[in-house]
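Trainee: Before I ask anything, let me first share the structure, which is written out below as structure tokens.
The values are calculated or read from the model by the stated rules, or taken from the named source; none is laboratory data. Only a predicted model underlies this, so the values are computations on that prediction, with no experimental measurement involved. FYI the Cβ positions are ideal-geometry reconstructions off the backbone, even for glycines, and counts take in every protein chain you see.
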Amino acid sequence: MYHRQAAGIIAENAGSTLSAETAEILTTYLTFKDIFPSTRVLVLDHLGFRARTSMRDAQTIIDSQVLGCVPELLLLSDPHIPRTICDLLGSLAQHDKLKAAMRGLEFYPQVVLLLSHKSSEVQLSAANAIIGLDMVEPLLPYLLSLDIVPTTQAHIPQALRLRADLDYNKSSTQLIAERASTLLGSANPNILRLACSILLSIIKHEGPIEAIDDVGLKTAPFKSPEENLIDTGACELLVPLLRHPDIDIEQNAMRLLAYISASSERGADTIEDAIRRFLESGSN
């Protein structure tokens with residue numbers, strides 16, 4: 001019954017701007033104890049769509065009681081609920097003007113814990129929300145203490161942990177570049193965005209960085225961030241992304257290659273060779 005009611009309210013208001021009244025009505029379907037998880041997911045998915053497609057609707061959601069329900073919802077066992085919550089947060093984060101209001105919310109440590117969730121979809125949604133809201137630095141203590149088992153499914157939170165390590169300790173740049181560059185071979189656009197975010201952060205570190213191994217021992221003389229990326233083979237993986245259908249990925253790949261090319265003659269030659277091999281391979 002509740003599911004049909006919620007679906008009816010969503011359908012009735014589909015062609016109009018989200019009103020404060022409708023937002024509050026939908027919030028009740030998130031808070032009632034007898035609501036099925038599928039109904040909560042329906043409402044959260046709809047609000048996420050609203051947030052992605054309308055700045056005005058996104059503002060209405062923030063002004064409502066929707067986000068106040070998040071701490072309790074994150075305690076529920078159904079994995080689809082935390083995923084849709086994080087997707088909603090990521091959708092709201094697309095609007096730069098709203099980020100300041102969202103950063104003051106207190107449930108982000110709970111979102112960090114989702115990086116260890118058994119579902120890779122939940123992990124990815126949580127990572128995208130944290131990155132999208134520029135919350136890596138405020139959440140460093142939580143990210144650095146997070147225990148993540150190095151499995152294939154955990155590569156997204158591992159990458160976010162690398163991003164945290166990067167922001168926390170510049171001396172680990174070479175190691176982080178090597179690990180993050182491997183993500184550029186993924187077919188998942190969300191993973192590619194995360195990889196580019198990490199590598200752009202490496203590039204933006206000022207001055208050369210000394211290479212440090214896992215146990216903190218110096219392993220090489222000072223090298224520039226661009227040289228670190230060249231050594232990891234990142235150029236070979238970045239060049240194909242210049243044809244990626246996602247404009248953000250394409251532009252970030254172009255930006256990274258421009259940094260590397262301008263850094264040295266070696267950088268320009270490495271990119272030229274990578275482009276030649278890519279064209280010779282006949283890849284689309």
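Trainee: Among the residues of the range 47-99 satisfying the criterion of being touching a helix residue (DSSP H, G or I) at 6+ places or on another chain (Cβ under 6 Å) and in a loop (DSSP other than H, G, I, E, B), which is farthest from Ser116 (Cα to Cα)?
Mentor: That would be Ser64.
Trainee: Could I ask something else about it? Quick one: which of Val112, Val122 is outside any loop (DSSP other than H, G, I, E, B), of a type in the set (A, V, I, L, M), touching a Cys at 6+ places or on another chain (Cβ under 9 Å) and surrounded by 16 or more Cβ atoms within 10 Å (Cβ to Cβ)?
Mentor: None of the other options fit; the residue is Val122.
Trainee: Does at least one position in the range 19-34 carry a residue that is touching a residue at least 40 places away in the same chain (Cβ under 8 Å), assigned to a helix (DSSP H, G or I) and under 16 Å from Gln110 (Cβ atoms)?
Mentor: There is at least one residue in the range 19-34 that is touching a residue at least 40 places away in the same chain (Cβ under 8 Å), assigned to a helix (DSSP H, G or I) and under 16 Å from Gln110 (Cβ atoms).
Trainee: Suppose we keep only residues that are surrounded by 17 or more Cβ atoms within 10 Å (Cβ to Cβ) and touching a Ser or Thr at 6+ places or on another chain (Cβ under 8 Å) within the range 253-276. Which one would you say is farthest from Ile203 (Cα to Cα)?
Mentor: Ile271
Trainee: Could you please tell me which pairs satisfy a Cβ distance under 6 Å, a separation of 6+ or placement on different chains, a first residue in the range 55-84 that is within 14 Å of Thr17 (Cα to Cα), and a second residue that is of a type in the set (Gly, Ala, Ser) and surrounded by 15 or more Cβ atoms within 10 Å (Cβ to Cβ)?
Mentor: From the range 55-84, the pairs are Ala58/Ala51; Thr60/Ala23; Ile61/Ala51.
Condition check ((1) of a type in the set (S, T, N, Q); (2) over 29 Å from Leu139 (Cα atoms); (3) loosely packed, with under 15 Cβ neighbours inside 10 Å; (4) at pLDDT below 95) across all residues:
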| residue | (1), (2), (3), (4) |
| --- | --- |
| Ala11 | no, yes, yes, yes |
| Leu18 | no, yes, no, yes |
| Thr31 | yes, no, yes, yes |
| Asp34 | no, yes, yes, yes |
| Ile61 | no, no, no, no |
| Ser77 | yes, no, yes, yes |
| Ala93 | no, no, no, yes |
| Asp96 | no, no, yes, yes |
| Glu106 | no, no, yes, yes |
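Trainee: A further question follows. Looking at the range 228-244, can you tell me whether even one residue there is of a type in the set (S, T, N, Q), closer than 28 Å to Glu121 by Cα, touching a helix residue (DSSP H, G or I) at 6+ places or on another chain (Cβ under 8 Å) and modelled with pLDDT of 60 or more?
Mentor: Taking every residue of the range 228-244 in turn, at least one turns out to be of a type in the set (S, T, N, Q), closer than 28 Å to Glu121 by Cα, touching a helix residue (DSSP H, G or I) at 6+ places or on another chain (Cβ under 8 Å) and modelled with pLDDT of 60 or more.
Trainee: Within the range 251-280, track down each residue that is of a type in the set (Gly, Ala, Ser) and over 20 Å from Ala195 (Cβ atoms).
Mentor: Of everything in the range 251-280, those that are of a type in the set (Gly, Ala, Ser) and over 20 Å from Ala195 (Cβ atoms) turn out to be Ala262, Ser264, Ala268.
Trainee: Out of the range 250-272, which residues are over 24 Å from Ile191 (Cβ atoms) and touching an Asp or Glu at 6+ places or on another chain (Cβ under 9 Å)?
Mentor: Across the range 250-272, the qualifying residues are Ser261, Ala262, Ser263, Ser264, Arg266, Gly267.
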